[in-house]
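*Asks:* This is the structure, below, for whatever I ask next.
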Amino acid sequence: LEVHYENKQITAVNNIKFLGLIIDSTLSWKQHIDSIIPKLNRACFAIRQVKPYMALEALKTIYFSYFHSIVTYGIIFWGNSVHSQYIFKIQKRMIRLIANLGVRDSCHCVFKELGILPLYSQYLYSLLMFVAKNRDLFQANTDVHSFGTRYKNDLHLPSAKLKVFQRGTFYSGIRAYNHLPKNIKDLSYDVKRFKRVLKTFFQTHSFYSLEEYFNLKFDLNFNSQL
């Protein structure tokens, strides 16, 4: 396949770097994830070196300024890649370092204690904030049909068979939003309140996987100080 623009042929490449993200031709995000793994390993090394001289709050500050900033950049695009599991392993190693845990100790509860979101919770949180801030890109079910179903105020999920589209930001954002408890969805037009309650929601549940989020049956409402 040859693509031309203004009498010039567009050269096909396997990957390209755009705004700090490495986009590959199959949208697997493997090369981008591979590129940030060394940076995250260096962050773990830095924490290990300064840990004997730093209090817990100082270590958390280093985590958010050094590790967290790398992980969250562009996470709404690559966060549900099958290769993101390697990032999650490094994050758990970092949490064990901060909390002084053994290599085989569970750090599930420690995420909550430190106020840090596990990778997949962070992905969902960032994805849902993208949806809330860009509601004009999405349609509600009421915009598509007039049936008075219980899901009429949910976002309309387009029909899609291609996995690459289903794993994309647009489709994944709709699925994640529609699965939220109703009272959190009702706050999505007030971005500041939505952000605060959403953060509390994910810190409370601390999801270790996307399946854990989508398989959990929530109550109609999530009790939090709104």
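The values are calculated or read from the model by the stated rules, or taken from the named source; none is laboratory data. Remember, predicted model here, so these are calculated numbers, not experimental data. Cβ coordinates were reconstructed from backbone atoms using ideal geometry, including for glycine residues, and neighbour counts include every protein chain displayed. For the accessible areas, the whole protein counts, side chains as well, though only heavy atoms, and no ligand, DNA or RNA atoms are used. Shrake-Rupley method; radii C 1.70, N 1.55, O 1.52, S 1.80 Å.
*Asks:* Would you tally the net charge around Ile33, using a Cβ to Cβ cut-off of less than 15 Å, leaving Ile33 out, and scoring K and R as +1, D and E as -1? Could the numbers behind the result be given before it?
*Replies:* On the way: positive: Lys17, Lys30, Lys39, Lys89, Arg167; negative: Asp24, Asp34.
Result for the neighbourhood of Ile33: +3.
*Asks:* Now, a different point. Using protein chains only and a probe of 1.4 angstrom, how many square angstrom of Met129 are accessible, to the nearest 10?
*Replies:* My reading of the accessible area for Met129 is about 10 Å².
*Asks:* Full extension from Lys199 to Leu1: what is 0.36 nm times the residue separation minus their Cα-Cα distance, to one decimal in nm?
*Replies:* Values: separation 198, 0.36 × 198 = 71.28 nm, distance 4.56 nm.
That pair, Lys199 and Leu1, stretches by 66.7 nm at full extension.
*Asks:* If I ignore ligands, DNA and RNA and count only protein heavy atoms, how much of His156 is accessible to a 1.4 Å probe, in Å² to the nearest 10?
*Replies:* Here the residue's solvent-accessible area equals roughly 60 Å².
*Asks:* Please list, ordered by chain and number, the residues whose modelled amide H lies under 5 Å from the amide H of Ala140; skip anything fewer than 5 residues away on the same chain.
*Replies:* So Ala140 has HN proximity to His156.
*Asks:* With all protein chains present and a 1.4 Å probe, how do Asp190, Asp24 order by accessible area, largest first? Walk me through the intermediate numbers first.
*Replies:* Numbers: Asp190 65, Asp24 15 Å².
So the residues, ranked largest to smallest area, are Asp190, Asp24.
*Asks:* Determine the per residue accessible area of the chain with all protein chains present and a 1.4 angstrom probe, expressed in square angstrom. Could the numbers behind the result be given before it?
*Replies:* On the way: 13620 Å² over 226 residues.
For the chain, the per-residue accessible area is 60 Å².
*Asks:* At a probe radius of 1.4 Å, what is the per-residue accessible area of Leu19, in Å² to the nearest 10?
*Replies:* Using a 1.4 Å probe on the heavy atoms, I get roughly 120 Å².
*Asks:* When the Karplus curve 6.51 cos²θ - 1.76 cosθ + 1.60 is applied with θ = phi - 60°, which whole-Hz ³J(HN,Hα) does each residue of region 112-123 get, with x for Gly and Pro?
*Replies:* These are the phi-based 3J(HN,Hα) values: 5, 5, 7, x, 10, 7, x, 3, 6, 5, 5, 4 Hz.
*Asks:* Can you pull the three principal axis extents for the Cα set of region 6-60, in Å, largest first?
*Replies:* Largest first, region 6-60 extends 62, 19, 14 Å along its Cα principal axes.
*Asks:* Let me ask something else. If each of Asn134 and Phe170 carries a label point 7 Å out from its Cα toward its Cβ, how far apart are those two points in nm?
*Replies:* Simple spin-label model gives 1.0 nm for this pair.
*Asks:* I've got another one for you. Calculated FRET efficiency, Asn15 and Glu57, Cβ-Cβ r, R0 45 Å, to nearest 0.05? List each step's numbers first, then the result.
*Replies:* On the way: r = 39 Å, r/R0 = 0.88.
Plugging the Cβ-Cβ distance into 1/(1 + (r/R0)^6) gives 0.70.
*Asks:* Could you tell me what percent of the accessible area of region 47-130 is made up of carbon and sulfur, with a 1.4 Å probe and every protein chain present? Let's see the in-between values first.
*Replies:* Working: 2240 of 3950 Å².
The value for region 47-130 is 57 percent carbon and sulfur by accessible area.
*Asks:* Based on C-alpha coordinates, I'd like the Rg and Dmax of the chain, in Å.
*Replies:* Radius of gyration, then largest Cα-Cα span, for the chain: 19.9, 63 Å.
*Asks:* Right, here's the next one. What is the calculated FRET efficiency for Leu216 to Gln49, with r their C-beta to C-beta distance and R₀ = 30 Å, to the nearest 0.05?
*Replies:* On the way: r = 39 Å, r/R0 = 1.29.
Efficiency, from the Cβ-Cβ distance: 0.20.
*Asks:* Now a separate question. Between Arg104 and Ala160, 0.36 nm times their residue separation minus their Cα-Cα distance comes to what?
*Replies:* Values: separation 56, 0.36 × 56 = 20.16 nm, distance 4.06 nm.
Separation in residues times 0.36 nm, less the Cα-Cα distance, equals 16.1 nm.
*Asks:* Does anything in region 53-82 have its amide N under 17 Å from the 7 Å Cα→Cβ label point of Arg42, and if so which residues?
*Replies:* The answer is 62-73.
*Asks:* Quick one: order Val50, Val13 from most to least accessible surface, probe 1.4 Å.
*Replies:* Ranking Val50, Val13 by accessible area, largest first, yields Val13, Val50.
*Asks:* Positive end of the charge dipole of the chain (Lys, Arg +1 and Asp, Glu -1 on Cβ, about the Cα centre): tell me which of Ile16, Phe64, Phe201 has its Cα farthest that way.
*Replies:* Phe64
*Asks:* Largest first, how would Phe202, Phe165, Phe130 line up by accessible area (1.4 Å probe)? Before the final figure, lay out each step's value.
*Replies:* Working: Phe202 0, Phe165 85, Phe130 60 Å².
These residues rank, largest area first, as Phe165, Phe130, Phe202.
*Asks:* Post the alpha-carbon centroid distance, region 49-111 to region 113-136, in whole angstrom.
*Replies:* 16
*Asks:* While we're on this one: ³J(HN,Hα) across region 81-98 via Karplus (A = 6.51, B = -1.76, C = 1.60, θ = phi - 60°), whole Hz, x for Gly/Pro?
*Replies:* 5, 5, 7, 5, 4, 5, 5, 5, 4, 5, 4, 5, 5, 5, 5, 5, 5, 5
*Asks:* HN-Hα J couplings of region 29-38 from phi, Karplus 6.51/-1.76/1.60, θ = phi - 60°, integer Hz, Gly and Pro as x?
*Replies:* 3J(HN,Hα) across region 29-38, in whole Hz: 6, 4, 5, 5, 5, 4, 6, 9, 4, x.
*Asks:* Can I ask one more? Report, ordered by chain and residue number, the lysines lying within cross-link reach of Lys217, taken as a straight Cα distance under 28 Å and ignoring same-chain residues fewer than 8 apart.
*Replies:* Lys89, Lys92, Lys112, Lys133, Lys152, Lys161, Lys163, Lys182, Lys185, Lys192, Lys195, Lys199
*Asks:* Taking the Cα centre of the chain as origin, work out the dipole magnitude from +1 charges on Lys and Arg Cβ and -1 charges on Asp and Glu Cβ, in debye rounded to 20.
*Replies:* Details: 30 positive and 15 negative charges, 101 e Å.
Approximately 480 debye in magnitude.
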